[in-house]
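Student: Here it is: the structure, laid out below.
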Amino acid sequence: MNLALWLSRAGLSHPDGPAVAFGTGVTATYAQAALRAARLAGALRARCGLGIGDRVAIVAKNMPAYLELLYGIWHAGLAAVPANAKLHGAELGYILDHSGARVCFVSKGLESEIAAHAPKTLERLIVIGSAEYEALFANDAIDIVSCSGEALAWLFYTSGTTGRPKGAMLTHRVLAAASYAYAMEADPIGPGDAILHAAPMSHGSGLYIMAHVARLGLQVVPESGGFEPDEIFDLIEQWPRASMFAAPTMIKRLVECPADCRPENFRTLIWGGAPMYVEDALAALDRFGPRIAQIYGQGESPMTITTLSKEDIADRDHPRWRERLGSAGRPYACVEVKVADSQDAPVATGEMGEILCRGDVVMPGYWRNEEASAATLRGGWLHTGDVGAFDAEGYLHLKDRSKDLIISGGSNIYPREVEEVLLTHGQVREVSVIGRPDREWGEVVVAYVVGDASRTELDTLCLSNIARFKRPKDYVFVDALPKNNYGKILKTELRVMDKNKAGSP
Ligand code: AMP
């Protein structure tokens, strides 16, 4: 089934319902959005000469046009390649080249950067909102090109915290399954409910567009095109019952907003993409009340592996509430999840292993990368590279990426455990723990800290909460931690920084 059906049906059944808003004003009703998608589809096929399965890139900051672009591309039987506009021209050039996109839609101002790095395979670069762009909508609307659920819908380039990004192939089936899962378990949606796109629509936030179309919701794009806490609080006054996907760093900034910023109009703050530390979750819960849900996933299983519900997060009376708060919740109904050893055999409850999953929501492979596909999907399971353990009640406790595990004197140390403790110090704003190569111990634990705390205070905190061998041998105080465009802390970069600083072997 082609996902484009959801928009075209909404255009018929709720023609006057608001589909997209830019700031506080509606820019398209469902009838208008559906018509524009059908016309764009006609132009992509007839005028641009694209054939079924061809790739069309979108390199744009968050903007209302995202909806008509994605749906126009799907309506025409093509595949979208959304890319983060904040990437460097060379990185975008790589994605355009690797995906083989023939057409690229770009936000105004980025065209020369893209043109400078465009591969030969790119035939047209169209600036969104230009006369050339608007002319595409003069085309006759076409019928939806029917396709199977296995057809490629979205080439989702991973954020590339290490090496070149890989293109996770998200099919119509995968995106439909992720949408059902979201609306059924993480954040039930009613007609008119809004989704606020403050995180990149090319990544996490964009994945929630479809569920909101299916449920006749409203896509709200902030005028800033990104995340400005004051603007967000203003927007939820205008659009009550708004949900928003937010990386932990964004949630922290919302928590720090003045007390007169009212959070009551948030339907759900969807927290994901990086660890939700208990101290941060407590602060967010105090500030926002029962409006926070956590999701855990990755591009390869688009943000759909487990979820910790709003009810679980807010259930302070539950005897194991705090433990649950430190978990990533329970598997979504549509996915099988197991914690496995190096032979892929399930480990016992409570034991640590790699998190594997399979189901309708898992990608069929990486685009043009058979080797990585075979390795990541061996035995029919997606190998997430994340380490965790199930507790007796079926909640998944995430530790770290397997490559971030520290082995010191033969003992395994999970950085997250140490980070959780350091964050309980009231003056520590952010922390990241890594292993530093060491001749005697193999690796020693090093904490990079943003905040005002003394070494002695941090050491005392560790000694009273975790085993001695886990406590950092060194604390490095910094103004900020290295992060990628999605707000994820780059431990790889931190290790390089640390190596240069310490001159370690
Ligand atoms: P990406 O594919 O770029 O979205 O990155 C996915 C990775 O982010 C996962 O494999 C995890 O390592 C991490 N991640 C995502 N959600 C969470 C979460 N709720 N808690 C901890 N780490 C997470």
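The values are calculated or read from the model by the stated rules, or taken from the named source; none is laboratory data. Please read all numbers here as calculations on a predicted model, not as lab measurements. Cβ coordinates were reconstructed from backbone atoms using ideal geometry, including for glycine residues, and neighbour counts include every protein chain displayed.
Student: Got a sec? Which of Ile305, Ile232 is closer than 28 Å to Pro82 by Cα, in contact with an Asp or Glu (Cβ under 9 Å, 6 or more places away or on another chain) and touching a residue at least 12 places away in the same chain (Cβ under 8 Å)?
Tutor: Just a single option satisfies the conditions, and that option is Ile305.
Conditions (1) hydroxyl-bearing (Ser, Thr, Tyr); (2) within 16 Å of the ligand (Cβ to nearest atom); (3) more than 23 Å from Ala101 (Cβ to Cβ); (4) touching a Pro at 6+ places or on another chain (Cβ under 9 Å), marked per residue:
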| position | (1), (2), (3), (4) |
| --- | --- |
| Val145 | no, no, no, no |
| Leu170 | no, yes, no, yes |
| Ala186 | no, yes, yes, no |
| Ala242 | no, no, yes, no |
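Student: Now a separate question. Could you tell me whether any residue of region 358-365 is within 15 Å of the ligand (Cβ to nearest atom), part of a strand (DSSP E or B), buried (at least 20 other Cβ atoms within 10 Å of the Cβ) and at pLDDT 95 or above?
Tutor: no
Student: Another question about this same structure. Answer yes or no: is there a residue in region 83-94 that is in a loop (DSSP other than H, G, I, E, B), at pLDDT below 95 and within 16 Å of the ligand (Cβ to nearest atom).
Tutor: Kept after step one, since they are in a loop (DSSP other than H, G, I, E, B), are these residues of region 83-94: 85-88.
With the extra rule that they be at pLDDT below 95, the set shrinks to 85-88.
Narrowing the set further to residues that are within 16 Å of the ligand (Cβ to nearest atom) leaves 86-87.
Within region 83-94, one or more residues are in a loop (DSSP other than H, G, I, E, B), at pLDDT below 95 and within 16 Å of the ligand (Cβ to nearest atom).
Here's the yes/no breakdown for (1) exposed (fewer than 15 other Cβ atoms within 10 Å of the Cβ); (2) small (Gly, Ala, Ser); (3) within 15 Å of the ligand (Cβ to nearest atom):
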| site | (1), (2), (3) |
| --- | --- |
| Arg324 | no, no, yes |
| Ala328 | no, yes, yes |
| Gln343 | yes, no, no |
| Asp386 | no, no, yes |
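Student: Would you call Val255 more than 13 Å from the ligand (Cβ to nearest atom), among the hydrophobic types (A, V, I, L, M, F, W, C) and at pLDDT 95 or above? Can you show your working first?
Tutor: Values: more than 13 Å from the ligand (Cβ to nearest atom): yes; among the hydrophobic types (A, V, I, L, M, F, W, C): yes; at pLDDT 95 or above: no.
Considered against the rule, which asks whether it is more than 13 Å from the ligand (Cβ to nearest atom), among the hydrophobic types (A, V, I, L, M, F, W, C) and at pLDDT 95 or above, Val255 comes out as no.
Student: May I ask you to verify whether Phe245 is surrounded by 21 or more Cβ atoms within 10 Å (Cβ to Cβ) and assigned to a strand (DSSP E or B)? So that I can check it myself, show each step before the final result.
Tutor: Numbers: surrounded by 21 or more Cβ atoms within 10 Å (Cβ to Cβ): yes; assigned to a strand (DSSP E or B): yes.
Taking the combined requirement at face value, the residue satisfies it.
Student: Report yes if Asp260 is more than 16 Å from the ligand (Cβ to nearest atom) and either modelled with pLDDT under 95 or buried (at least 21 other Cβ atoms within 10 Å of the Cβ) (or both), otherwise no. Before you say what the answer is, go through the steps one by one.
Tutor: Working: more than 16 Å from the ligand (Cβ to nearest atom): yes; either modelled with pLDDT under 95 or buried (at least 21 other Cβ atoms within 10 Å of the Cβ) (or both): yes.
So Asp260 fits the description; yes.
Student: Which of the residues spanning region 275-315 are within 11 Å of the ligand (Cβ to nearest atom) and charged (D, E, K, R)?
Tutor: Residue satisfying the conditions is Glu300 alone.
Student: Please verify whether region 290-304 includes one or more residues that are among the basic types (Lys, Arg) and either within 12 Å of the chain's Cα centre (by Cα) or closer than 17 Å to Ala199 by Cβ (or both).
Tutor: So in region 290-304, the residues among the basic types (Lys, Arg) come out as 291.
Imposing the further condition that a residue be either within 12 Å of the chain's Cα centre (by Cα) or closer than 17 Å to Ala199 by Cβ (or both) reduces the set to 291.
Yes, because at least one residue in region 290-304 is among the basic types (Lys, Arg) and either within 12 Å of the chain's Cα centre (by Cα) or closer than 17 Å to Ala199 by Cβ (or both).
Student: Name every residue in region 101-123 that is in contact (Cβ under 8 Å) with a residue 40 or more places away in the chain and surrounded by fewer than 16 Cβ atoms within 10 Å (Cβ to Cβ), in order of residue number.
Tutor: The answer is Glu123, and nothing else.
Here's the yes/no breakdown for (1) farther than 23 Å from Val220 by Cβ; (2) at pLDDT below 95; (3) surrounded by fewer than 22 Cβ atoms within 10 Å (Cβ to Cβ):
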| residue | (1), (2), (3) |
| --- | --- |
| Thr158 | yes, yes, yes |
| Thr161 | yes, yes, yes |
| Arg164 | yes, yes, yes |
| His172 | yes, no, no |
| Ala178 | no, no, no |
| Asp187 | no, no, no |
| His197 | no, no, no |
| Gly204 | no, yes, no |
